[in-house]
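Nothing in this text is a laboratory measurement; each read-out follows from the coordinates by a stated rule. Source: prediction; values computed, not measured. Here the Cβ positions follow ideal geometry from the backbone for every residue, glycine too, while neighbour counts run over all protein chains shown.
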Amino acid sequence: MQKTILITGASSGIGKAVALEFAKRDGAKNHLILVARNQAKLEAVASEVKSLGATVSVLLADLGKTADIAKVFTELEKIAPSLDLVFNNAGLGFVKEARLMSDNEVEQIIDVNVKGMILVGKKAAAHMVEQGHGHIIFTSSLAGYTLFPFWSVYCASKWGITAFANVLRQEVAPHGVQVTTVHPGPVQTEFFDPNKADVDLSTTEKTMPAIPASEVAADVYKIAYTDTKRIFNPPKLAMFAEAFRLFPGKMQKMMSKLVEQPEK
Ligand SMILES: NC(=O)c1ccc[n+]([C@@H]2O[C@H](COP(=O)([O-])OP(=O)(O)OC[C@H]3O[C@@H](n4cnc5c(N)ncnc54)[C@H](OP(=O)(O)O)[C@@H]3O)[C@@H](O)[C@H]2O)c1
């Protein structure tokens with residue numbers, strides 16, 4: 001039987017790369033359900049995925065909105081018999097000091113990266129516990145383990161979702177459901193565009209060069225349906241995260257040298 005895979009934030013970047021990876025590797029073995037807001041971009045990803053042999057459905061939803069998330073799960077019940085894998089990934093961020101952010105920017109980050117991911121995660125967990133199997137993969141970030149200057153709200157959102165996923169894992173493990181957090185460093189997507197950032201990310205780029213989204217997707221494919229707690233992309237960032245856990249003060253000081261804020 002086909003496996004059903006729900007991917008949020010599938011219209012671009014990491015979510016799109018994960019959709020293409022599963023389609024390329026497994027073709028007709030998967031029914032991929034792609035979720036995001038931008039219909040044109042989602043349809044374009046859907047037709048690429050379809051051309052690789054997978055079955056595909058597109059669901060439009062603003063994942064910052066509780067009602068839209070409820071609709072996604074109602075629709076899922078109609079179109080798929082089971083839910084095998086959820087790549088809970090849609091998210092956003094703004095690189096600037098908290099005091100310079102608008103209330104709306106803060107709300108968008110918290111609504112999508114925290115509330116939206118938690119609602120998708122808990123609804124997927126309920127579904128999977130009932131069927132007795134499944135895997136939920138959360139896109140956290142290196143910023144869900146470390147502290148980057150000028151990313152205060154984003155770090156708060158990613159630490160929050162890492163905490164949620166870690167506790168959810170304990171709750172659902174006895175029911176045959178796995179939970180993994182994915183912690184990428186910089187990735188070449190619309191999200192991490194140094195030209196769009198309010199601060200100078202050139203030092204970050206030199207120290208931690210952005211990797212292609214396809215590399216994250218390949219890592220996600222490898223750990224799908226396995227009991228993996230967390231992965232870092234690239235894997236060497238696990239050492240960096242561990243150094244942060246052991247020497248938080250020194251590491252935070254070091255991080256402040258990686259990003260520069262223009263005079264305001
Ligand atoms: N790129 C990096 O350096 C990096 C590093 C670590 C972690 N991450 C995380 O990776 C995840 C994916 O980001 P990306 O790098 O692939 O960026 P991206 O190319 O900008 O993709 C973001 C995706 O999230 C979707 N999205 C955003 N707001 C949404 C909303 N309100 N409702 C529904 N979908 C929404 C977007 O779709 P629509 O606009 O069509 O709705 C898009 O598909 C995020 O959680 C991000 O925090 C990224």
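Descriptive notes on the structure:
- Cβ-based charge dipole, the chain, positive-most Cα from 125, 155, 248: 248
- The simple Förster model, with R0 at 30 Å and r as the Cβ-Cβ distance, assigns residue 256 and residue 190 a FRET efficiency of 0.70.
- Under the combined filter of DSSP loop state and at most 15 neighbouring Cβ atoms within 10 Å, the stretch 175-264 retains these GluC sites (Glu not before Pro): 190, 263.
- The chain, helix-only ellipticity at 222 nm - DSSP H runs n ≥ 4, -39,500 (n - 2.57), divided by all residues, nearest 500: -14000 deg cm²/dmol
- From least to most packed, judged by other beta carbons within 10 angstrom and beginning with the fewest, 177, 182 follow the order 177, 182.
- Axis of helix 117-131 versus longest Cα principal axis of the chain: the two differ by about 30°, to the nearest ten degrees.
- In this structure, the residue pairs whose Cα-Cα separation is over 19 Å, taken from 122/229; 71/222; 122/222, are 71/222; 122/222.
- Residue separation of residue 25 and residue 229 scaled by 0.36 nm, minus their Cα-Cα distance, works out to 71.1 nm of gained length.
- Cβ-Cβ FRET estimate between residue 38 and residue 222, R0 fixed at 30 Å, reported to 0.05: 0.60
- Gap separating the Cα centres of the stretch 192-264 and the stretch 147-180, nearest whole Å: 16 Å
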